[in-house]
1. Restricting attention to the stretch 66-88, and to residues there that are β-branched (V, I, T) and assigned to a strand (DSSP E or B), which single residue is nearest to K127 (Cα to Cα)?
2. If you go through the stretch 102-120 one residue at a time, how many are in a strand (DSSP E or B), free of Cβ contacts under 8 Å to residues at least 24 places away in the same chain and more than 12 Å from V85 (Cβ to Cβ)?
3. Give the residues of the stretch 89-101 that are buried (at least 16 other Cβ atoms within 10 Å of the Cβ) and part of a strand (DSSP E or B), sorted by residue number.
4. Filter the stretch 83-101 down to the residues that are among the aliphatic types (A, V, I, L, M) and either closer than 19 Å to S38 by Cβ or without any contact (Cβ under 8 Å) to a residue 40 or more places away in the chain (or both) and list them by number.
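No lab work stands behind these numbers, since they all come straight from the coordinates. Model, not experiment: these values are computed from the prediction. Positions of Cβ are generated from backbone atoms using ideal geometry, with glycine treated the same way; all protein chains shown enter the neighbour counts.
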Amino acid sequence: MQQRKKAFKLLTICMMLMFSMLFTSVLAKAEQAKPELSVSEITIGIGTYGRGFIYNKTDDKYAISVKNPLEDAQYSFTSSNKDIVTVKKSGSKAYLTGVKKGTVYITCKQTLDGQTTTLGKCKVIVKNATLKPTKQVSGLVLGSGKFGSWVAEPLCYIENRIPDAKYTYTTNSKNFTLKDEKYNETQAGEGY
């Protein structure tokens, strides 16, 4: 009788250990972060690169990525209207190029073990370049004649600037001129 009780206790302990190991692995899988899109909405300009004057061409592209991608999964990205935004995929990242003003949705699909599921959609708004006043400049004293004021902050900036475009400023005053100083990123080299 003693041996049966010991065997029953041992069997009960073994079963409890087995179940605890099973539930631990199930909980670990459940706690693993699920893949999702990095953003649900993004506003971009026409072209491929971000808004900066000085940019690193490899890092400042308009992009959407998958957060917490699964190692064995394949990801695809499609644009709802290729006339507005085109997409180039690289692994779990999609590089966007704004073609013209408008709104589209980029759909991301995940393929894993032969099954394809929609991971999510991202709303992409493409805006034209627009001239905006600089908010920090106020009460600016300007010079006249040969001696003008030099100001570190510009009077205005171009939002969603297209890097290869040429912009011309005009004024309704004969005594006032604006000069656009654009940093030439191709001469500075990568990363400057």
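1. From the stretch 66-88, those β-branched (V, I, T) are 66, 78, 84-87; that's our starting set.
Of the ones still in play, those that are also assigned to a strand (DSSP E or B) are 66, 78, 85-87.
Details: V66: 24, T78: 20, V85: 11, T86: 15, V87: 17 Å.
Filtering the stretch 66-88 for residues that are β-branched (V, I, T) and assigned to a strand (DSSP E or B), the one nearest to K127 (Cα to Cα) comes out as V85.
2. Looking only at the stretch 102-120, we keep the residues that are in a strand (DSSP E or B), and these are 102-112, 115-120.
After this cut, where a residue has to be free of Cβ contacts under 8 Å to residues at least 24 places away in the same chain as well, the list is 103, 115-118.
Now restrict to residues that are more than 12 Å from V85 (Cβ to Cβ): 115-118.
Here the count works out to 4.
3. Within the stretch 89-101, the subset buried (at least 16 other Cβ atoms within 10 Å of the Cβ) is 92-99.
Of everything in the stretch 89-101, those that are buried (at least 16 other Cβ atoms within 10 Å of the Cβ) and part of a strand (DSSP E or B) turn out to be K93, A94, Y95, L96, T97, G98.
4. In the first step, residues of the stretch 83-101 are kept if they are among the aliphatic types (A, V, I, L, M); the result is 84-85, 87, 94, 96, 99.
V85, V87, A94, L96, listed by residue number.
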